[in-house]
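Below is one structure, written out as structure tokens, with a few remarks after it.
The values are calculated or read from the model by the stated rules, or taken from the named source; none is laboratory data. All values reported here derive from a predicted model rather than from experimental measurement. Neighbour counts run over all protein chains shown; Cβ positions are idealised from the backbone, glycine included. Heavy atoms of the whole protein, side chains included, go into the accessibility calculation; ligands, DNA and RNA do not. Shrake-Rupley method; radii C 1.70, N 1.55, O 1.52, S 1.80 Å.
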Amino acid sequence: MKIQFLLLCSLLGLSLAVPIDRAPPKTEAEAPQEPADTGLYYDRYLREVIDVLETDNHFREKLQAANADDIKSGKLSKELDFVSHHVRTKLDELKRQEVSRLRMLIKAKMDATMEENIQIDHAALLKQFEHLDPQNQHTFEARDLELLIQTATKDLENYDAAHHEEFKRYEMMKEHERREYLKSLDEDKRRMEEAHYEEMKKKHREHPKVNVPGSKDQLKEVWEETDGLDPNEFNPKTFFKLHDTNDDGLLDEQELEALFTKELEKVYNPNNEEDDMVEMEEERLRMREHVMKNVDTNHDRLVTLEEFLKSTERKEFNEAGGWETVDESQIYTEEELRRFEQELAAQEVSLNNRAEELRKEHEALQQRQIELDAQKKEYQQAVIQMEQKKSQPAEAPAPPAVGQNGELKFQAQVPEGAAEPVKHEEAHQALDAHPGPPGEHPAPPGEAAQQEKKDSAPSQEHQVHQV
């Protein structure tokens with residue numbers, strides 16, 4: 001449908017094309033092939049919005065009457081106010097899901113670079129995402145559709161330039177690694193490696209002539225080998241209709257790239273050591289850019305039948321020479337390679353410094369862990385000792401001393417520093433040395449003391465008599 005290819009193909013037609021195979025018609029059971037991911041971080045959201053809008057009859061009718069300029073300028077976005085309530089409800093839900101997804105991305109990024117438990121102003125951060133209106137995070141309005149189309153158009157216009165720059169860095173990295181590897185070899189092995197490298201380059205260049213994309217020779221080759229038609233009966237209008245695979249009256253970027261498959265197969269084979277498939281994709285992109293530059297006169301990233309037929313009337317269409325492939329082009333200069341290697345060296349130094357910091361932090365953590373383990377062991381031993389003391393029974397007090405006749409013996413506690421009390425045996429010896437009157441038996445020490453008290457104290461009768 002037209003909405004699928006004016007909004008999606010015109011804005012998202014950057015995915016890799018596949019060869020055109022004239023296979024039997026698809027059965028109803030076969031599911032339609034989904035377009036490849038464009039690489040935009042909001043690709044899924046964009047596709048879902050387009051799918052929902054496609055279900056509304058009013059919006060589809062307005063889109064059929066609109067041109068690419070109306071779509072890009074946002075004029076078509078005003079028609080969103082007239083779509084059905086059911087469609088608007090689905091669009092609202094899609095926007096809420098997208099806002100929720102962006103919030104999760106923001107939080108994950110903040111957690112990875114900052115401390116936790118920090119208040120995040122999601123409304124301010126959402127302003128960094130230009131494909132939706134951050135002021136209204138709950139409903140899908142005309143402003144959202146306008147921003148979505150404008151942002152996708154701008155991002156995809158910069159896509160080719162970014163892809164070329166990425167490919168240049170890839171080629172410089174490949175050459176840098178090759179030179180560094182040669183430095184690690186001795187003289188003989190280095191000569192062998194360089195000879196092998198030149199041999200692979202020569203073998204890669206030994207391929208059939210590559211026709212200029214969009215030229216008569218290139219299209220006639222597709223007409224003959226892919227479509228199986230007589231090259232002497234080549235007709236541009238018939239060719240256009242054959243390769244307008246969705247019958248929308250336009251050749252989008254995917255349909256154009258499919259025309260270059262035969263030319264790419266002349267140069268690149270995934271089974272050959274000398275062929276680089278990354279270079280093949282760069283070659284495909286360069287071919288598409290060349291055709292768009294010469295055929296797409298209104299720069300809407302779509303080729304109409306009128307534009308296509310006009311391009312076949314140009315002198316370049318009939319008298320085109322050969323195509324200069326990527327390996328024959330100067331992708332970078334020696335000065336650019338030198339600056340690239342300096343950047344790599346600076347990055348390596350920075351990474352080494354960071355690695356050293358992490359190593360020291362790791363050693364400090366290990367030492368701290370050893371100290372904590374030692375403290376833990378001491379605490380465990382202390383707890384074991386306390387448990388052992390608690391489990392031992394208390395010692396019973398010693399029984400009191402008993403005399404010969406069963407009487408209790410009391411021993412006075414002598415203060416520290418005082419003379420030790422005379423033992424029982426020594427008291428007997430003293431009595432033996434100083435015996436009392438004849439016929440009297442010595443009293444035990446305790447009884448003698450009591451007798452002395454009685455003798456020294458006046459009797460009660462004497463006290464009464466005195467009174």
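Stretched out fully, how many nm does the piece from Met277 to Glu48 gain, at 0.36 nm a residue minus the Cα gap?
Details: separation 229, 0.36 × 229 = 82.44 nm, distance 3.16 nm.
Full extension of this stretch gives 79.3 nm more.
Within the straight-line cut-off of under 15 Å between alpha carbons, none of the aspartates and glutamates are reachable from Lys389, sequence neighbours fewer than 8 places apart in one chain being disregarded.
State the extension gain, in nm to one decimal, for the chain segment bounded by Glu336 and His85, taking 0.36 nm per residue of separation less the distance between their alpha-carbons. It would help to have the intermediate numbers written out before the result.
Working: separation 251, 0.36 × 251 = 90.36 nm, distance 5.65 nm.
Extra length from Glu336 to His85 when fully extended: 84.7 nm.
To the nearest 10, the accessible area of Thr333 is 70 Å² with a 1.4 Å probe.
When the surface is traced with a 1.4 Å probe over the full set of protein chains, Lys262 keeps roughly 70 Å² accessible. Straightening the chain between Asp373 and Glu233 buys 41.6 nm, computed as 0.36 nm per residue apart minus the Cα-Cα spacing. Placing dummy labels 7 Å off each Cα toward the beta-carbon, the span from Glu187 to Gln388 is 7.6 nm. Students often get this wrong: which residues of region 332-370 have the backbone nitrogen under 19 Å from the point 7 angstrom along Cα-to-C-beta of His176? Only 332-355 pass the distance filter. Accessible surface of Asp155, taken over heavy atoms with a 1.4 Å probe and every protein chain present, rounds to 50 Å².
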